[in-house]
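A quick write-up on the structure given underneath.
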Amino acid sequence: MSVLDADPLSHERLDAGQSKTWEDAQGQFTVGTALETDALIQAGIERADVFIASTAGDNTNLIIAQIAQKRFGVEKVIVRVMDPARASWYGDQGLHTISPTRHAIEMFERALQPELAS
Amino acid sequence: MYAIIVGAGKVGRNLARELIERGHEVTVIESSRQGYLAIEEEFEHAAQYGDATELWVLERSGIQRADLVVAVTGDDEDNMLVCQVAKEKYLCGRIIARVNNPRNHDHFRLLGIQPAVSATDLILRLIEHEVPRYGLVHLLDFEEERLEIIELEVSEDAPTVGEAVSEIALPEGSLIISVLRGGIGFVPKPDTVIEAGDEVLLVLDTGLEEAITAFFAPNGTSG
């Protein structure tokens, strides 16, 4: 398991509330942004079986996921896309997208089911 | 022509102005409210407020009938995404993207987003042209005519050493006009054999410097 994040503070967050440090738990951490090829390689993308793009930016995630797929040939790539419209189109293009917004809407609808039924 | 320009910074704004002056229909999309208000007065209905990476914003701007989409925001991911969507979802015939960080140029290429224009690369190319590569000297440039006369010292390892001028398959748009050997210059005949240490003068179409250098000084000259 390897985490790439631009903010070194995120490393501490990985340790918070855990009995072991991230490294002791066999985790790897690299500081860098996702578009830096060097950082991706340092984080071990070349031997990754799975790549998850879940930065705060939809566009960053969509671009970086395609880089992981097309440049580094990562077999399984999953992308977080907040905007359901973009998630759906890129999903049609063959990217495995997950839209938390879409899921949240479904959960709200489910929670409102009794009211909606009456 | 109908052009959509994404990003109303200095580049986007001036581009929009130029295209409108030339009689083209233009929409400029700007995602910051402040940036939008700054251009609204000048561009009126041609200015649109919104994040062009949201599909409905592009659709509201009429992307389906756009002949050209230019993405010139300060964010490379946004520029890549807008162009990718324009090209692949809305089948826009022509896209142009701005590269902010030259290191991202490869990513644009990988995703088929061409042309991708980087100011840094453009300036670098100009510098390379102005400061000649080792071994190649610009003697005369006819900028208007797009011709130049250059001089190259033939290196030991040049593939043309020992070849007659008539045997050298120079690229089209280039011609050896003179050879300097032992302090004497002469106009070569087809059977003149090129020797290491010769200085050859060529007339070329601009842009052929690199190709020509490979013939006479593949690794630069030592002198």
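Values in this text are rule-based calculations from the coordinates and carry no lab data. Since we're looking at a predicted model, the values are computed, not measured. Quick reminder, even Gly has a Cβ in these numbers, built from the backbone with ideal geometry, and neighbours come from all protein chains shown.
Some values worked out for this structure:
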{"read-out": "Residue-wise HN-Hα coupling along segment B:197-208, computed from phi with Karplus coefficients 6.51, -1.76, 1.60 (Hz; x: Gly, Pro)", "value": "x, 4, 10, 9, 9, 10, 9, 9, 5, 4, x, 9"}
{"read-out": "For residues of A:36-43, the mean tally of beta carbons on other chains within 10 Å", "value": "1"}
{"read-out": "CD proxy at 222 nm, helix term only [per DSSP H run n ≥ 4: -39500 (n - 2.57); per residue of chain B; nearest 500]", "value": "-9000 deg cm²/dmol"}
{"read-out": "Most fluctuating residue given options B:THR120, B:THR192, B:THR27, as computed from a GNM of chain B linking Cα atoms under 10 Å", "value": "B:THR192"}
{"read-out": "³J(HN,Hα), Karplus 6.51/-1.76/1.60, whole Hz, each residue of segment B:59-65, x for Gly, Pro", "value": "5, 4, 7, x, 4, 4, 10"}
{"read-out": "13 Å beta-carbon shell around B:ILE4, net charge (K/R +1, D/E -1)", "value": "0"}
{"read-out": "Rounded to the nearest 20 debye, dipole of segment B:53-182 from Cβ charges on Lys, Arg, Asp, Glu", "value": "720 debye"}
{"read-out": "Label-to-label distance, nm, for residues given as B:VAL161 and A:GLU115 (7 Å Cα→Cβ offset)", "value": "8.6 nm"}
{"read-out": "Under the Debye formula (equal points on every Cα, no solvent term), log10 I(q)/I(0) of chain B at q = 0.09 Å⁻¹", "value": "-0.56"}
{"read-out": "Sum of side-chain charges, A:MET1 neighbourhood, beta-carbon under 12 Å (Lys, Arg +1; Asp, Glu -1)", "value": "-2"}
{"read-out": "Under Karplus coefficients 6.51, -1.76 and 1.60, residue-wise ³J(HN,Hα) of segment A:3-13 in Hz, glycine/proline x", "value": "10, 10, 8, 6, 9, x, 4, 4, 5, 5, 4"}
{"read-out": "Charge-dipole axis of the protein assembly as shown as Lys and Arg at +1 and Asp and Glu at -1 on Cβ define it, positive-most pick from A:VAL74, A:ALA117, A:GLN93", "value": "A:ALA117"}
{"read-out": "Radius of gyration and maximum dimension Dmax of segment A:33-117, Cα, Å", "value": "15.5, 54"}
{"read-out": "Burial ordering of B:GLU54, B:GLU30, fewest other beta-carbon atoms within 10 Å first", "value": "B:GLU54, B:GLU30"}
{"read-out": "Rounded to the nearest 20 debye, dipole of chain A from Cβ charges on Lys, Arg, Asp, Glu", "value": "300 debye"}
{"read-out": "Top of B:ILE29, B:ILE150, B:ILE96 by mean-square fluctuation, Gaussian network on chain B, Cα under 10 Å", "value": "B:ILE150"}
{"read-out": "Most positive-pole-ward Cα, A:ASN61, A:THR30, A:HIS11, against dipole of chain A from beta carbon charges", "value": "A:ASN61"}
{"read-out": "Inter-centroid distance (Cα atoms) of segment B:141-180 relative to segment A:67-118, Å", "value": "59 Å"}
{"read-out": "Net charge, A:SER54 excluded, C-beta distance under 11 Å - Lys, Arg +1, Asp, Glu -1", "value": "-1"}
{"read-out": "For A:ILE98, residues with placed amide H under 5 Å, excluding near neighbours", "value": "A:VAL79, A:ARG80, A:VAL81"}
